[in-house]
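K.L.:
Handing you this structure, nothing more for now.
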Amino acid sequence: MSVSTLKVLVTGGTSGLGLAMASALAAAGATVTLTGRSAARAAEVAAGLPGAAGIGMDVREESSVARAVDQAWSRLGGIDMLVNNAGIGMRTVNPRFMSHPQGFWEVPPSGFRAVIETNLTGYFLVAREITPRMLAAGGGRIVNISVSQSTMHRAGFVPYGPSRAGSEALSKIMAADLRDTSVTVNLLLPGGATVTGMLPPGTVPSEGQQYLEPAVMGPPIVWLASDEAVGVHDERIIAAEFQRWLRDRNSRR
């Protein structure tokens, strides 16, 4: 199955990394459905991509996930790849987190729950809904989006760091549970701070630091959707280092 025949569901695809990946996949010929909390916004964004569709999904709500997956599955005639990407960042609990980090004890419980429910529980709910369908259909690919490990234990990064550490552990266990099945699971992360809506407006990199553009996610996600990636399982791919990773992988084969 080539990228041009692949049917892909990208959660949180209306902006940032999700939109960059949805755009790259659509440009490569995949049939993409992207999701956002606002169905209208998802449809508006999808209209700008070739052959794409947008649907509403709140990844925190089991009933919303079930409805959206059912809608996407019916519309596409199946789903070959799930890109688990929907998430919210530190701005939701501390708009000045880059310049004025706050201690974990200062984080409001409601904000903690909102981030965990989106970034961790959301990945679980969507994968839980779609995996049995993929197994019954004969196979599929799941790509869970992660972040650099330094982000997971950085001071002032509760609850975002724990949410992403949890989603990465979830992904590894998903891969273990699905080993020797027809469904593959891999992790993909940018490899550094990326220019998305998760950064506060006006944020500039410190001396010697560079921010990545969301488009860095394009080449690896298209490769993961390709014939070359059939059977690739339980890998952690850093987008900024993808070409070197791919060369190393090919040299070992």
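The values are calculated or read from the model by the stated rules, or taken from the named source; none is laboratory data. Everything quoted here is computed from the prediction, not taken from an experiment. Reconstructed Cβ throughout: ideal geometry from the backbone, glycine too, with neighbour counts over all protein chains shown. Note: accessible area is taken over every heavy atom of the protein model, side chains too, but ligands, DNA and RNA are not part of it. Shrake-Rupley method; radii C 1.70, N 1.55, O 1.52, S 1.80 Å.
K.L.:
In a Gaussian network model over the chain where Cα atoms closer than 10 Å are linked, find which of 160, 123, 211 has the largest mean-square fluctuation.
P.N.:
Result for the chain, Cα springs under 10 Å: 211 fluctuates most.
K.L.:
Same structure again: Convex hull over the alpha-carbon atoms of the stretch 50-103: what's its volume per residue in Å³?
P.N.:
Taking the convex hull of the Cα positions in the stretch 50-103, it is 132 Å³ per residue.
K.L.:
If you don't mind, another one. So what are the three principal axis dimensions of the stretch 105-191 from its Cα atoms, in whole Å, longest to shortest?
P.N.:
Here the spans come out as 47, 26, 18 Å, largest first.
K.L.:
Here's a follow-up. Using a 1.4 Å probe on the protein heavy atoms, what percent of the accessible area of the stretch 58-180 belongs to carbon and sulfur?
P.N.:
The computed percentage sits at 53.
K.L.:
I've got another one for you. Using a Gaussian network for the chain with springs between C-alpha atoms less than 10 Å apart, which of these wobbles most: 177, 58, 80?
P.N.:
177
K.L.:
Report the Cα-based extents of the chain along its three principal axes, largest first, to the nearest Å.
P.N.:
Principal-axis extents of the Cα atoms in the chain, largest first: 48, 45, 36 Å.
K.L.:
Under the rule of -39500 (n - 2.57) per DSSP H run of 4 or more residues, summed and divided by the residues of the chain, what mean residue ellipticity at 222 nm is obtained, to the nearest 500 deg cm²/dmol?
P.N.:
-12000 deg cm²/dmol
K.L.:
Taking Cα atoms, how many degrees apart are the long axis of helix 62-76 and the longest axis of the chain, rounded to 10 and kept between 0 and 90?
P.N.:
40 degrees
K.L.:
What does the charge add up to near residue 103, with Lys and Arg as +1, Asp and Glu as -1, over the other residues with Cβ less than 15 Å from its Cβ?
P.N.:
Net charge around residue 103: +1.
K.L.:
Let me ask something else about it. Using alpha carbons only, what's the Rg to Rh ratio of the stretch 1-90 with Rh from Kirkwood?
P.N.:
Taking Rh as the inverse mean 1/r over Cα pairs, Rg/Rh reads 0.94.
K.L.:
To continue, here is another question. I'd like to check one number: the per residue accessible area of the chain, probe 1.4 Å, reported in Å² as a whole number.
P.N.:
For the chain, the per-residue accessible area is 45 Å².
K.L.:
Here's another thing I want to ask about it. Could you work out how far helix 242-252 tilts from the main Cα principal axis of the chain, as a 0 to 90 degree angle to the nearest 10?
P.N.:
Between helix and principal axis, roughly 50 degrees.
K.L.:
Moving on. Excluding ligands and nucleic acids, what accessible area in Å² is computed for residue 104 using a 1.4 Å probe, to the nearest 10?
P.N.:
Number for this one is 140 Å².
K.L.:
When N is the residue count of the stretch 1-51, what does its C-alpha Rg come to as a fraction of 2.2 N^0.38 Å?
P.N.:
Here the answer is 1.02, to two decimals.
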